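Single-structure report; data block below.
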Amino acid sequence: MKKLVYTSCTLDCPDGCGVVAHVEDGKVVKLDGYADHAFTRGYLCGKTYRYPSRVYSPERQIHPLRRKDGRGSPWVRITWDEALDLVAERISGFIKESGPLCILHYQRTGSWGSTKLLNRRFWNLLGGATTTRGSLCSGAARAGQAMDFGLRTGHDPSDLLNSRLVLLWGRNPMATNLHVVPILKEVRAAGGKVVLVDPVRSESASFCDGHVQPVVARDAELAMAMARVILDEGLEDREFLARHTHGFEAFVALIRSRSLPELCAACGLDEPTVRDLAVQYATAKPASILLGWGLNKYQHSAEIFRCVDALAAICGYVGVPGGGATHGFVQQRHFDKAVEGFGLATHHRALSEPMLGRALLDACDPPVRMMFVNGGNPVNQSPNSNLVARAFDTLEFTVVVDAFLTDTTDYADVFLPTTTFLEEEDVLVSWGHNIIGGVNAAIPPVGEARSDLWIYQQLADRLGIGAGMAGTPREWLRRILAPLEARGVSVDEVMEHPVPCPIAPQVPFADHVFPTSSGKFEFIGRLEHEPRELEGFPLVLVTNFAKTWLLSQMLEREHPARAFVRIGLETAQEFGITDKQEAVIRSPVGQLVVEVRVDPKVGRGMVVMPVGTWMKRGGGANVLTEDIVSNFGEMAAYGETRVMLEPLPGAPAVSDATPAIAREPAE
Ligand SMILES: Nc1nc2c(c(=O)[nH]1)N[C@H]1C(S)=C(S)[C@@H](COP(=O)(O)OP(=O)(O)OC[C@H]3O[C@@H](n4cnc5c(=O)[nH]c(N)nc54)[C@H](O)[C@@H]3O)O[C@H]1N2
Ligand SMILES: Nc1nc2c(c(=O)[nH]1)N[C@H]1C(S)=C(S)[C@@H](COP(=O)(O)OP(=O)(O)OC[C@H]3O[C@@H](n4cnc5c(=O)[nH]c(N)nc54)[C@H](O)[C@@H]3O)O[C@H]1N2
Ligand SMILES: [Mo]
């Protein structure tokens, strides 16, 4: 029997696509884009087109597993009853002995399905658990933009069509946000311009009018230099500044504390380039800035965002169509967060997510004895992976709910197999657009895989809190999305087709009311940034996302045959490295043997490594990254890592075995 099922991709990506699953005899044979989706417009990225190969991969685990004989021993299959009885018994045992805070519930955003909120409810019903605070993803951006605007929120992507100039600043949509690309092409077709600001000539350069290539992590200086030019040329919007901003004098003093040549030298650009960019921006009327995660990886990232936000305010491009400095949205704005049950818990404690290894080792009163992980791969994705792995190794009992045996499951005692979005009923909220997506189960669960909700409900029944977790996905969705229903959008309708969020502004701050303490846009007035210099480690490690895989979610054959990094021509010369040569890359906390690709697209002073390759397959950028936290927003400052490259003598690294998919050209 054949059928078509409307659903939505819940993976951690701004695009949140509308999907049509082609199902034959209970199997997904193909995925297509859902045509009537205003943002994703009927097509998917390569990763989602290929997603059925993950669903049916022999690498996927579809049965509960436990270690045969302690950590490090082989996995053996057990029944769900055995698995759930064991996990429930350990949970109640630990709580009895050491209280609920000796269990760490680690939840990340493997899926943006709304029901994942209920995972936290389970732990709150139990009296609480240790959780994590801080961020691996957007913390610094959120903190910086909250200081300026009162909160981080963005223009709807369709509003870019009102821009005469778009600066793509530290963001690479060709790889990471594909559905924004046609919008940017439309901006150009209508006579507008798109300029890339990136120390790497990324895939996105291919559709831009220009590329400005500052030195890595010097965007605050670039933005300050641009602000100086705008003010020197008298291109500012005086009325906006007078009526809607606070702290402008302090900002002027800040940018005047250094000369224009000094600022240009700091960001490695010549004055005419900076001047041209600034004048183009200030005169485009309106211009918008699409900010990315490239600005989000440094110790002072919140301040970088603030300096760039200041440009929008100086030019009066705030609260107007075609303007803004957009990074992302307020997520879950249409949720009733009370469903999470935070108030039900009597115990609360949170450990720093960016410092997970240290935090686990240092935790006392009580120490963490057990960990329960869902929707994340913390051993691979947290900074200083080796330390995180060591900390996991000290735990008495670890449970991971996932579909694959990741680097994190290497440190687990029990593995519970979960469904993919094609097997679940849920609602998707996106962090890159304002359309709410229905997630319909296209197929029944593969093998014995079960949803997070089912797993938690089963555990809840065994732990005497079953009533608090009971309910079908649809019933829970109605409760979670009650604020939406109050605005006239029913969950039943959302399950049928994409629905625009009725409470999302197309243009935020159009009323010029800002939830800051002054009620106005607030300028940054202080920035003390000394770039990190570390003797023996002269290069900045920049870890970016790969076009062909998402985070650490990759099958064996999608994995590069060997870990690789990219360096620019100048760095290659300086370190005497030739293309495809093997080298050791060393940071203060770890090292990897990598193939070095010499790539003229990469700027000076930096080594670029993709995020997500697996430690157990010789990769893992976070083996190198140091656990350093941003000064605002408790964000993992991955990009503060400094590294050394030491070429290994002998023949170039063999890369013939690289699978075709990993060899897709960089652009
Ligand atoms: N294919 C694919 N898509 C994804 C993901 C994925 O893993 N794969 N991950 C998803 C997630 S979770 C996120 S958060 C988003 C992130 O999406 P992006 O913001 O596009 O992410 P990045 O690759 O981190 O960084 C973008 C660009 O910033 C540049 N950059 C690095 N340092 C600096 C700097 O100091 N200054 C400037 N100006 N630029 C800099 C990098 O060279 C890179 O080209 O992507 C999402 N989409
Ligand atoms: N070096 C470096 N590291 C980085 C970054 C960087 O810039 N540099 N960026 C960071 C960013 S932006 C992000 S967002 C984080 C991402 O870090 P993580 O959130 O840990 O991301 P993933 O590696 O995708 O791990 C998610 C896991 O959840 C599983 N999963 C998917 N859906 C479900 C589900 O419904 N239920 C359950 N139980 N599991 C599910 C997947 O199979 C996968 O193993 O990584 C960060 N890591
Ligand atoms: Mo992210």
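The values are calculated or read from the model by the stated rules, or taken from the named source; none is laboratory data. Here the structure is a predicted model, which means the values were calculated and not measured. Every residue, glycine as well, gets a Cβ built from its backbone with ideal geometry; the counts of neighbours run over all protein chains shown. Each accessible area value is taken on the protein alone, full model and side chains, heavy atoms only, with ligands, DNA and RNA left out. Shrake-Rupley method; radii C 1.70, N 1.55, O 1.52, S 1.80 Å.
Worth a mention:
- When the range 118-151 is filtered for residues that are away from ligand 3 (no atom under 16 Å from the Cβ) and within 21 Å of Leu551 (Cα to Cα), only Arg133 remains.
- Residue pairs whose Cβ atoms lie under 8 Å apart, separated by 6 or more positions or on different chains, with the first residue in the range 533-544 and more than 13 Å from ligand 2 (Cβ to nearest atom) and the second open to solvent by less than 40 Å² (accessible area, probe 1.4 Å) and outside any strand (DSSP E or B), are Phe537/Ser587; Pro538/Gly605; Leu539/Thr571; Leu539/Gly605.
- Every pair of residues 6+ apart whose Cβ atoms lie under 7 Å, when the first sits in the range 50-75 and is more than 16 Å from Val414 (Cα to Cα) while the second is part of a helix (DSSP H, G or I): Val55/Leu422; Glu59/Glu556
- Residue list for the range 223-267, restricted to those being touching a Lys or Arg at 6+ places or on another chain (Cβ under 6 Å) and in contact (Cβ under 8 Å) with a residue 60 or more places away in the chain: His244, Thr245, His246
- Exactly one residue out of Asp198, Asp148 is among the acidic types (Asp, Glu), crowded, with 19+ Cβ neighbours inside 10 Å and within 16 Å of ligand 2 (Cβ to nearest atom), and it is Asp198.
- Residues of the range 1-18 that turn out to be open to solvent by less than 10 Å² (accessible area, probe 1.4 Å) and away from ligand 1 (no atom under 16 Å from the Cβ), as a count: 2
- Some residue of the range 604-618 being small (Gly, Ala, Ser) and on the phi < 0 side of the Ramachandran plot: no
- Residue in the range 209-218 that is outside the structural domain of Ala546 (by TED's automatic domain parsing), more than 11 Å from ligand 1 (Cβ to nearest atom), buried (at least 21 other Cβ atoms within 10 Å of the Cβ) and farther than 21 Å from Cys13 by Cα present: no
- Checking each residue in the range 398-448 for being acidic (Asp, Glu), open to solvent by 20 Å² or more (accessible area, probe 1.4 Å) and in contact with a strand residue (DSSP E or B) (Cβ under 9 Å, 6 or more places away or on another chain) picks out Asp402, Asp413, Glu425, Glu448.
- Close contacts from the range 80-96, counting a first residue that is assigned by TED's automatic domain parsing to the domain that holds Asp365 and within 14 Å of Leu126 (Cα to Cα) and a second that is at pLDDT 95 or above and open to solvent by 40 Å² or more (accessible area, probe 1.4 Å), with Cβ to Cβ under 7 Å and a gap of 6+ residues or different chains, come to Ala88/Arg462; Phe94/Arg369.
- Taken together, the criteria place Val339 among residues that are over 19 Å from the mean Cα position of the chain (by Cα), under 25 Å from Pro483 (Cβ atoms) and of a type in the set (Val, Ile, Thr).
- Residues in the range 288-306 that are assigned to a loop (DSSP other than H, G, I, E, B) and closer than 14 Å to Asp198 by Cα: Gly292, Asn296, Lys297.
- Any hit, the range 62-81, residues being within 30 Å of Met1 (Cα to Cα) and small (Gly, Ala, Ser): no
- Verdict on Gly319 being closer than 17 Å to Val195 by Cβ and under 29 Å from the mean Cα position of the chain (by Cα): no
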